[in-house]
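Q: The structure follows.
The values are calculated or read from the model by the stated rules, or taken from the named source; none is laboratory data. Note that this is a predicted model, so its numbers are computed, not measured. Please note: Cβ atoms are built from the backbone with ideal geometry, for glycine as well, and neighbour counts cover all protein chains shown. Heads up: the accessible areas ignore ligands, DNA and RNA and are worked out on the full protein's heavy atoms, side chains in. Shrake-Rupley method; radii C 1.70, N 1.55, O 1.52, S 1.80 Å.
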Amino acid sequence: MTTPPDVSLSTESAPGALRVDGARLWRSLMDLAQIGATPKGGVRRLALTDLDGHGRDLVVGWLRDAGASIEIDGAGNIFATRDGRDGTAAVVLTGSHIDTQPSGGKFDGNYGVLAGLEVLRTLNDAGVVTEHPVGVAIWTNEEGSRFVPVMGGSGAFAGVYTLEHVRQQRDVDGISFGDALDAIGYTGDTLVGERALDAYFEAHIEQGPILEREDKIIGVVTGALGLRWYDCVWTGQDAHAGPTPMEARRDALRGASQMVEAVHALAMRHAPDGRATVGFMQVSPNSRNVVPGRVKMSVDMRHPDDAHLAGMDRELRDAAAAIARDLGLECDLEQVDHVPASRFDSSCVDAVRAATRALGLPHREMVSGAGHDAIYIARVAPTSMIFVPCKDGISHNEIEDARPEHLEAGANVLLHAILARALRSGVTSGPSGIEHG
Ligand code: HGY
Ligand code: MN
Ligand code: MN
């Protein structure tokens, strides 16, 4: 992309006066939401499906139309870059993901990518030339719903996983991440992780009720909960539901059922910050007149303190062993993912807070309950996040909703947090010389 003409920033386009076009952002969100749209108004666009490929095609087209150059790495992570004056300066990056949960919403992930696109469009409209390049990333497989690990693309970028490990993972149908990525044509040749970042900012809906309850518009995110994911397999014996006496049964579903209650009780013992969820369960042979001989289930546990989370891990293992003993079942409990609790870079948190205050937006500091690509990018670059409310705090649900004015406000905070980094050493800027109102 050729750098826009070197314009002196006249008063009306001085960085501080810049504002995004909220209607244009909303239109982009609604257009992208058509790809994988569900009858209840949600989105089903699982990672590395054809729908993910079509969503990528649409957004990459918009990013190219905004003059950005496009690179794709071996994990399918997409990087759109708007040049800055100094071609050697590290990129100020934003972004998120466009893969969704099976019954996901229009805004989880999609908002962060399209808010980044809206920043590029706004800088173009105002002819702003930044010192640093400004980039937008689309990270592969953030949700971890089809392929474990969660945040696999950003995890590979940050060196948490090797590319081979990520590409070898298989979904419930035995299809590998690598084959699925190749099939949608998004296996790029850029080396994974070979990109110097000046900073990373991610805008996202909160996915919880706090901002809405407190009438706040912006969450200044200071970090995220630690997370441990498990696969838990209960093995008993398939048997006929009729002739088999109750005392002669080894019913794997009883083990799984007691484990669901034990997981809930464990989280309640560590409330309010401890969280634990069983979201996936596969009963075999899953026939109404067969005592289930095998049940595979997931456990998702989270806590802001790693030591506390390690204690919850021990309690989980003890509970599984006790249930297996009582019911005469085998239990194989395997930790399949572990993301330690994270704290974001103070200078980036300050940039988000300063932009929020300069824009006069009601806000609070908070820790993210959800995992985000920012958690892994924080390992390789100064990082922070910007939250906006979602309706009733509901997400990972087709009814997920957000207000256009809140999404616009979050994108304005993103714009000025990025400018605070991307303009420095060139044009004068406070947080970016933001003017009130
Ligand atoms: O699981 C999470 O927290 C994220 O939504 N993938
Ligand atoms: Mn997300
Ligand atoms: Mn999500």
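Q: Which residue, of GLU131, GLU143, GLU118, GLU164, is within 16 Å of ligand 1 (Cβ to nearest atom) and modelled with pLDDT of 95 or more?
A: Numbers: GLU131 fails: within 16 Å of ligand 1 (Cβ to nearest atom); GLU118 fails: within 16 Å of ligand 1 (Cβ to nearest atom); GLU164 fails: within 16 Å of ligand 1 (Cβ to nearest atom).
The match here is GLU143.
Q: All but one of (1) surrounded by fewer than 18 Cβ atoms within 10 Å (Cβ to Cβ); (2) β-branched (Val, Ile, Thr); (3) within 16 Å of ligand 3 (Cβ to nearest atom) hold for VAL388; state the number of the condition that does not hold.
A: (1)
Q: Something else about it: Between a first residue in the stretch 370-385 that is open to solvent by 20 Å² or more (accessible area, probe 1.4 Å) and a second residue that is of a type in the set (S, T, N, Q) and away from ligand 2 (no atom under 16 Å from the Cβ), which pairs have beta carbons less than 8 Å apart while being 6 or more apart in sequence or on different chains?
A: PRO382/SER347
Q: Report the residue count in the stretch 358-373 for those that are in a helix (DSSP H, G or I) and within 16 Å of the chain's Cα centre (by Cα).
A: Here the count works out to 1.
Q: If we keep just the residues of the stretch 76-97 that are over 16 Å from ALA66 (Cβ atoms) and either acidic (Asp, Glu) or free of Cβ contacts under 8 Å to residues at least 12 places away in the same chain (or both), which is most open to solvent (accessible area, probe 1.4 Å)?
A: THR88
Q: Taking the condition of being of a type in the set (A, V, I, L, M), within 26 Å of VAL20 (Cα to Cα) and touching a Ser or Thr at 6+ places or on another chain (Cβ under 9 Å), how many residues in the stretch 200-251 meet it?
A: So the answer is 6.
Q: Limited to the stretch 374-419, what total is found for residues that are over 22 Å from ALA23 (Cα atoms), polar (S, T, N, Q) and outside any loop (DSSP other than H, G, I, E, B)?
A: 2
Q: Out of all the residues in the stretch 247-293, which are open to solvent by less than 70 Å² (accessible area, probe 1.4 Å), in contact (Cβ under 8 Å) with a residue 60 or more places away in the chain and either in contact with an Asp or Glu (Cβ under 6 Å, 6 or more places away or on another chain) or outside any helix (DSSP H, G or I) (or both)?
A: ASP251
Q: Go through the stretch 195-246 and give me each residue that's away from ligand 2 (no atom under 16 Å from the Cβ), open to solvent by 20 Å² or more (accessible area, probe 1.4 Å), part of a loop (DSSP other than H, G, I, E, B) and in contact (Cβ under 8 Å) with a residue 40 or more places away in the chain.
A: ARG195, ALA196, PRO209, GLU214, ASP215, LYS216, ILE217, GLN237, ASP238, ALA241, GLY242, THR244
Q: Restricting to strands (runs of 3 or more DSSP E) lying wholly in the stretch 54-112: which have 2 or more residues that are within 16 Å of ligand 3 (Cβ to nearest atom) and among the charged types (D, E, K, R)? First the steps, then the outcome.
A: On the way: elements: 69-72, 78-82, 91-96.
Ranges flagged: none.
Q: Identify, please: which residue in the stretch 205-253 is among the aromatic types (Phe, Trp, Tyr) and within 14 Å of ligand 1 (Cβ to nearest atom) and is, among those, farthest from HIS363 (Cα to Cα)? Give the derivation first.
A: Start the filter on the stretch 205-253 by keeping residues that are among the aromatic types (Phe, Trp, Tyr), which leaves 229-230, 234.
This time we only want the ones that are within 14 Å of ligand 1 (Cβ to nearest atom), so: 229-230.
Details: TRP229: 31, TYR230: 35 Å.
Among those residues, the one meeting the criterion is TYR230.
Q: Another one. Would a scan of the stretch 313-334 turn up a residue that is within 26 Å of the chain's Cα centre (by Cα), closer than 30 Å to ASN77 by Cβ and within 16 Å of ligand 1 (Cβ to nearest atom)?
A: no
Q: Considering (1) assigned to a strand (DSSP E or B); (2) within 16 Å of ligand 3 (Cβ to nearest atom), say which one PRO149 fails and leave the rest.
A: So the condition that PRO149 fails would be (1).
Q: Out of all the residues in the stretch 16-41, which are open to solvent by 30 Å² or more (accessible area, probe 1.4 Å), modelled with pLDDT of 95 or more and part of a helix (DSSP H, G or I)?
A: ALA23, ARG24, TRP26, ARG27, MET30, ASP31
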